[in-house]
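Below: one structure, written as structure tokens.
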Amino acid sequence: MSLIPDGLMYTKTHEWFKVSGTEVIVGITDYAQHQLTDIVYVDLPKAGTVKKAGEVLLTVESVKSAEDVYSPVDGTVKESNPALADKPEQLNQDPYASWMVKIRVSEGYKPKGMTPAEYRKHIGE
Amino acid sequence: MMRTTLYEEHVSAGAKMVDFHGWEMPIEYSSIMKEHMNVRTKAGIFDVSHMGDILVEGPDAVAFLEHMLPTSISTMNMGEAAYSAFLDDNGCMIDDVIVYIIEGQKLLVVPNAATKDTVMNWMVKHRENFRCTLKDLSDQISCIALQGPETPEVLRKMNIGLPDSFKFSFFRINSTNNITGDSRGIISATGYTGERGVEFIIPNTEAVGIWRQLIKELAVIGSGPCGLGARDTLRMEKGFLLSGQDFNRDRDPVEASISFIMTNQGDFIGKGAMERRKSDNIFRGFILEERGIPRTGSRIFSDGSQVGEVTSGTFSPVLGKGIALGYISRNHSSKGKKVDIEIRGKMMKAVVSRPKMVP
């Protein structure tokens with residue numbers, strides 16, 4: 001069964017995000033890393049990149065496939081996790097400790113997502 | 001979905017199961033990369049029971065297969081296996097197979113799972129004037145591949161001898177094997193990883209016992225079962241074709257860089273058409289010089305013009321780089337030639353290699 005920690009919000013496209021003030025931290029779920037198999041490259045966005053919720057934020061490459069990761073909110077990229085460039089396998093080992101991007105949420109945008117229970121139902125577990 | 005006899009073994013070991021051409025098969029147990037390196041440095045086992053097993057039997061069995069394949073069968077001896085491919089009327093490959101000479105009048109053809117029925121129908125269609133029968137034993141036969149440099153050691157502990165490459169021998173089992181007609185399993189020094197290794201071709205009733213025995217021996221050397229994910233990355237590093245992906249009735253053996261199978265001096269199905277094809281393309285390997293992974297369909301460019309297309313791509317655990325297999329115009333196919341591969345809209349630098357990218 002996939003790990004789905006409390007205290008985080010989830011998307012239909014298998015991102016997790018954590019809201020703190022005007023900032024959200026984004027990563028991919030345990031379910032997502034398991035589906036991807038071994039992750040070998042992460043194409044991280046540059047600081048300052050502006051994204052709408054649902055737009056492609058970055059791409060993750062695994063041995064088997066390349067999958068897009070979507071922005072859960074409207075906002076501007078503040079920072080990408082530099083450790084993932086050299087150690088992308090961290091995403092397989094501990095997807096919740098391995099954040100990918102920090103986003104400054106656009107003014108007036110209210111983040112929307114699924115609760116852990118809703119996400120578990122969404123992935124059919 | 002179809003399942004092999006070993007399905008429960010995979011599920012109870014925690015394998016991630018996926019749909020592989022209608023078969024519910026393990027893609028990985030823990031990690032494709034780890035399983036890949038286990039096979040390169042130690043040994044690992046694969047359930048490949050989904051592959052077909054077609055028995056060709058009768059006084060004309062050899063003549064029939066020599067009529068069907070570009071490979072000389074009449075020069076083979078009992079206990080020998082050969083890699084070959086069925087060609088269609090256009091000289092293009094329907095499927096690649098291994099042919100085993102079980103006895104003088106009894107041959108086994110092992111096609112791929114997804115193309116087994118096509119191969120069977122193709123053989124039935126051409127069998128008419130030959131005195132031989134065709135029996136599809138696929139539902140009764142399991143196949144376990146043990147691959148990796150420690151294969152001899154694992155077999156020694158099981159008291160089973162290791163045949164020379166592309167040869168096979170028999171070992172005693174407790175149930176009847178409808179390939180041999182007696183209580184003998186087949187152990188064949190063949191595989192799809194480029195490592196030393198064997199394949200056990202056995203009745204379903206023997207599969208769980210042999211699988212568990214192998215798991216026990218592998219645990220001693222810190223290894224275990226491997227999924228189809230690692231099987232795919234292992235074969236790509238060595239440049240082995242995948243039927244249905246690297247060719248699909250659109251490529252002949254010369255352009256697919258397996259002209260070594262053309263040892264048949266006589267006439268065979270597809271011969272004339274194949275000789276007339278003279279494709280300008282050739283199957284090659286491509287090693288990325290930038291951080292990117294080519295995928296099926298990625299286009300290959302030289303000086304801005306398209307010169308080829310990727311048919312298989314992955315990340316090579318041994319090279320630590322993206323790699324691809326595909327077809328490129330002969331003018332651009334020399335080893336070391338620099339090309340660009342288009343990956344999700346970006347051009348990435350790559351170098352042409354022979355299909356075998358990992359020595």
Please work out which residue is surrounded by the most Cβ atoms within 10 Å (Cβ to Cβ), limiting yourself to region B:117-131 and to residues that are under 23 Å from the mean Cα position of the chain (by Cα) and not hydrophobic (A, V, I, L, M, F, W, C).
-> B:118
Hits in region A:38-89 (condition: surrounded by fewer than 18 Cβ atoms within 10 Å (Cβ to Cβ), assigned to a helix (DSSP H, G or I) and within 14 Å of chain B (Cβ to nearest Cβ)) = A:85, A:86
Return the pairs, sorted by first residue and then second, in which the second residue is of a type outside the set (D, E, K, R) and assigned to a helix (DSSP H, G or I), the first residue lies in region B:325-354 and is away from chain A (no Cβ under 14 Å) and touching a residue at least 60 places away in the same chain (Cβ under 8 Å), the beta carbons are less than 8 Å apart, and the residues are 6+ apart or on different chains.
-> B:325/B:236; B:352/B:332
Report yes if residue A:86 is at pLDDT below 95, over 23 Å from residue B:345 (Cβ atoms) and out of contact with any Phe, Trp or Tyr (no Cβ under 6 Å at 6 or more places or on another chain), otherwise no.
-> yes
Mind listing just one residue for me: the one in region B:153-191 that is among the β-branched types (Val, Ile, Thr) and surrounded by 15 or more Cβ atoms within 10 Å (Cβ to Cβ) and, of those, nearest to residue B:138 (Cα to Cα)?
-> B:179
Please specify each residue of region B:316-340 satisfying the condition of being of a type outside the set (Lys, Arg) and farther than 20 Å from residue B:241 by Cα.
-> B:320, B:331, B:332, B:336, B:339, B:340
With respect to residue B:257, determine if the residue is out of contact with any Leu (no Cβ under 7 Å at 6 or more places or on another chain) and over 22 Å from residue B:29 (Cα atoms).
-> yes
Before we move on, is residue A:4 in a loop (DSSP other than H, G, I, E, B) and surrounded by fewer than 23 Cβ atoms within 10 Å (Cβ to Cβ)?
-> yes
Does residue A:25 satisfy the criteria of being aliphatic (A, V, I, L, M), surrounded by fewer than 23 Cβ atoms within 10 Å (Cβ to Cβ) and in contact (Cβ under 8 Å) with a residue 40 or more places away in the chain?
-> yes
For residues that are away from chain A (no Cβ under 13 Å) and in contact (Cβ under 8 Å) with a residue 40 or more places away in the chain, tally how many sit in region B:9-58.
-> 28
For region B:208-227, state whether one or more residues are outside the structural domain of residue B:170 (by TED's automatic domain parsing) and of a type in the set (Ser, Thr, Tyr).
-> no
Within region B:300-359, strands (runs of 3 or more DSSP E) holding 1 or more residues that are within 22 Å of residue B:252 (Cα to Cα) and in contact with a Ser or Thr (Cβ under 8 Å, 6 or more places away or on another chain) = B:305-316, B:321-329, B:346-353
If you check residue A:26 against the conditions, is it within 15 Å of residue A:81 (Cα to Cα), touching a strand residue (DSSP E or B) at 6+ places or on another chain (Cβ under 6 Å) and away from chain B (no Cβ under 14 Å)?
-> yes
Scan B:129, B:90, B:121, B:112 and give me the residue that is in a loop (DSSP other than H, G, I, E, B), modelled with pLDDT of 95 or more and under 26 Å from residue B:181 (Cα atoms).
-> B:112
Scan region B:290-318 for residues that are away from every other protein chain (no Cβ under 14 Å) and either out of contact with any helix residue (DSSP H, G or I) (no Cβ under 6 Å at 6 or more places or on another chain) or surrounded by fewer than 18 Cβ atoms within 10 Å (Cβ to Cβ) (or both) and report the count.
-> 11
Could you name every one of the strands (runs of 3 or more DSSP E) located completely within region B:1-78 that has at least 1 residues being farther than 25 Å from residue B:232 by Cα, in contact with a strand residue (DSSP E or B) (Cβ under 7 Å, 6 or more places away or on another chain) and of a type outside the set (Gly, Ala, Ser)?
-> B:54-57
Which condition number in (1) over 22 Å from residue B:35 (Cβ atoms); (2) in a strand (DSSP E or B); (3) more than 20 Å from the chain's Cα centre (by Cα); (4) not aliphatic (A, V, I, L, M) is the one that residue B:283 fails?
-> (3)
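The values are calculated or read from the model by the stated rules, or taken from the named source; none is laboratory data. Not measured: the values here are computed from a predicted model. Positions of Cβ are backbone-derived with ideal geometry, glycine not excepted, and every protein chain shown enters the neighbour counts.
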